[in-house]
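In what follows, a structure is listed as structure tokens, so that the remarks can point back to it.
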Amino acid sequence: MSPNVIALLPEIVLTITGVLVMLIEAVLTPGTSRKSLGWFAILGTIASGAAAFYQLQFGTVQAYSGSIQIDAFSVFFHVLIAAVVLVTLLGSLDYFHGHATHAGEYFALSLFGAVGMMLMTCSVELLMVFIGLEISSISTYIMAGFRKGQATGSESSIKYFLLGSFATAFFLYGIALAFGATGSTSIAAIAAGLGSSATPLMAFMALAMIIIGIGFKVSAAPFHVWTPDVYQGAPAPVVGLMSTAPKAAAFAVLLRITFSGFPGFEPRWALLIGIIAVLSMTIGNLGALLQKDVKRMLAYSSIAHAGYLLVAFTAFPKDAIASAAFYIATYSAMNVGAFAVITQVSGYDETSRTAEDFTGLALRRPVMAALLTFFLLSLIGIPFTGGFFGKFYVFSAAIGAGHIWIAVLGLANSGFACFYYLRLIAALYTKSLKDVTTAGEDIAHPFTATTIPAGIGLTLAAAATLILGILPGQVLQLAQRAGTTSLAPVEKASMPVIEVK
Amino acid sequence: MELALFIIFGLIAVAGALNFLFQRHPINSALSLVTVMMSLAVLYWSLGAEFLAAAQVIVYSGAIMVLFVFVIMLLNAGEEERTTGSRMAYIAGFPGAAAIFCLLSFVFLTERKALGNANIGGYLNNFTSNISEISTVLFTKLLLPFEVTSVLILVAILGAVVLARKEQ
């Protein structure tokens, strides 16, 4: 196999699977179940994750004239994205039961979206990043509006599309300015050209624009306004996907651009990102406190988590990349898990929306309530959950670089955040008034059994959250390797011939 | 010559953009957008970007605007209804837009010496046509982004199908 093919293997596998799903969907008789297509998409996702693992043995390889770079960093994010898509697909296999109209397209769009996100994480050329960003964004815009019968669904999709396009324009303008200032769109060449650039101010404007564009995508304050409305209206499994995987990809891009592309400007962008981090944490937690709708609350919580993650950027480069990568992994595991539970509990028509609807869930569906409790505890950052170690590494990395004030603000914020998570947990275990009046015959909450694929998905998410909380060693090691390799300069002979035995 | 061209077509572009905003009928707005696109094409050409100017005319004025006009005709859209607009747009939107405009102008003006001047018909002066440069880069260094754009278009088509199809 040529090195170009090997470097792009996970994306190629996913694209072929996506195209096949799309083509088979067209010949299936309308109205029949699309579950087999879903299983096929799941197989493709697993194969793509395996392909990413396979790339790990080759070390750092650049392909396609230096547009993409395969290293431990890209493998880490590839596997993470494949895992998130896998859990989401498992959780949504039975989601379209009785609404099978577009299930096939849904699976295809998830796969294509994953292709875009994966391309973002492995590209070291800003134009490639842009194309990847657009692929992932457009597929999530459409998936956000998948329940066409509901007005909130269309609102969510349109809002996400308009604001997302606006953000992309900022990102693109940043690329153009970076090209103007350094004469290249390749991240390594930007870093090299930065020192001798005759227009340093323009280069800094370029970086600021890129940070704004990425800030929108990861819903960091003050670019977060779209988040609650979009998350509220979009289908629950889609929210699980779009609150984790595209954000992971966007953070990967930001890590590469800041630490590898603009290392010379570090004090300036560290301050800028530090301010965004503090704003996101505070606005996210204050906003979450006021929400009654559980999905809106989790939307604000994801804004706060974007803030915690941005704290990592103030640390020393190696610690920053390692701790940020680890935090993204834990955040993805617990958030995708929380939304998988919500998918199971409230179903396609979203019967359970507010905290009141979730009251007494432990009596009706004890396993679901226990899982949701576990994910919420992890989002707080209780020990023995992934969230604890994630926060621990991020804040200790920031303290290690001497940024004590931001770590203190972060800790205060995560303490404050306990309140609204615990309020929901308490509601889960309270006997609701409705249950008392209807005496066990609960009409408002029809019991729907959890299917096997959804159960597998939930188990995967819970296991990942637990393992990251108890035995973080392996993942942390890979994250640290990601940090080291993405910072190491690539030798000129960047296209070694790989012999496949 | 460059300056005169720049001032004339710059003014036409701004006037077209303002007309685009203030017209109440969608067709009039669409047609003034064509004016903006065409005068931008002239500006690009006068800055020595021949390829961009040609692409601007073909893609924007040709393909996209024709599509816009078709959609407006098909929807039979009448005069728009004016609302008072959101208060946030006045409080945050206009100052924000003005601030970004000022910031960018400041950056370009401070660094105008380093940025240099553009010459009309760039390739006439130093004999490097940027069309051949672009094609070389597009099919060598940027081959992957160029090819992967096909996935992007595929996703967009798939999305259009999903959004347009009726629920059963």
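Points to keep in mind about this one:
- Helices (runs of 4 or more DSSP H) enclosed by segment B:54-168 - at least 1 residues per element that are at pLDDT 80 or above and within 13 Å of chain A (Cβ to nearest Cβ): B:94-110, B:112-115, B:130-139, B:143-164
- Of the residues making up segment B:67-96, those that are exposed (fewer than 10 other Cβ atoms within 10 Å of the Cβ) and aliphatic (A, V, I, L, M) are B:LEU74, B:LEU75, B:MET88.
- Residue within segment A:92-102 that is assigned to a helix (DSSP H, G or I) and surrounded by fewer than 21 Cβ atoms within 10 Å (Cβ to Cβ) present: yes
- Looking only at residues in segment A:177-206 that are under 13 Å from B:LEU104 (Cα atoms) and more than 9 Å from every other protein chain (Cβ to nearest Cβ), the one that is surrounded by the fewest Cβ atoms within 10 Å (Cβ to Cβ) is A:ALA203.
- Residue pairs whose Cβ atoms lie under 9 Å apart, sitting 6 or more positions apart in sequence or on different chains, and linking a residue in segment A:184-209 that is on the phi < 0 side of the Ramachandran plot to a partner that is of a type in the set (Lys, Arg) and assigned to a loop (DSSP other than H, G, I, E, B), are A:SER186/B:LYS141.
- Inter-residue pairs, beta-carbon under 8 Å, first in the same structural domain as B:SER135 (by TED's automatic domain parsing) and in segment B:147-168, second surrounded by 14 or more Cβ atoms within 10 Å (Cβ to Cβ) and acidic (Asp, Glu), 6+ apart: B:LEU152/A:GLU134; B:LEU158/A:GLU105; B:VAL161/A:GLU105; B:VAL162/A:GLU105
One line per residue, one yes/no per condition, for (1) among the hydrophobic types (A, V, I, L, M, F, W, C); (2) within 24 Å of A:LEU476 (Cβ to Cβ); (3) surrounded by 23 or more Cβ atoms within 10 Å (Cβ to Cβ):
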| residue | (1), (2), (3) |
| --- | --- |
| A:SER36 | no, no, no |
| A:ILE68 | yes, no, yes |
| A:LEU89 | yes, no, yes |
| A:PHE107 | yes, no, yes |
| A:SER110 | no, no, yes |
| A:GLY113 | no, no, yes |
| A:SER123 | no, no, yes |
| A:MET128 | yes, no, yes |
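- Members of segment A:367-413 that are among the small types (Gly, Ala, Ser) and surrounded by fewer than 23 Cβ atoms within 10 Å (Cβ to Cβ): A:ALA369, A:ALA370, A:SER396, A:GLY400, A:ALA401, A:GLY402, A:ALA407, A:ALA412
- Of the candidates A:ALA108, A:ALA52, A:ALA114, the single residue that is within 20 Å of the chain's Cα centre (by Cα) and more than 14 Å from every other protein chain (Cβ to nearest Cβ) is A:ALA52.
- Qualifying positions in segment A:31-76 - outside any helix (DSSP H, G or I) and closer than 24 Å to A:ALA454 by Cα: A:GLY31, A:THR32, A:SER33, A:ARG34
- Checking B:PHE22 against (1) more than 30 Å from B:LEU138 (Cβ to Cβ); (2) under 16 Å from the mean Cα position of the chain (by Cα); (3) aromatic (Phe, Trp, Tyr), the condition it does not meet: (2)
- Evaluated against (1) of a type in the set (Gly, Ala, Ser); (2) more than 21 Å from the chain's Cα centre (by Cα); (3) in a loop (DSSP other than H, G, I, E, B), B:GLY48 falls short on exactly one condition, (2).
The values are calculated or read from the model by the stated rules, or taken from the named source; none is laboratory data. Here the structure is a predicted model, which is why all the values come from computation and not from measurement. Cβ sites come from the backbone with ideal geometry, for glycine too, and all protein chains shown count toward neighbours.
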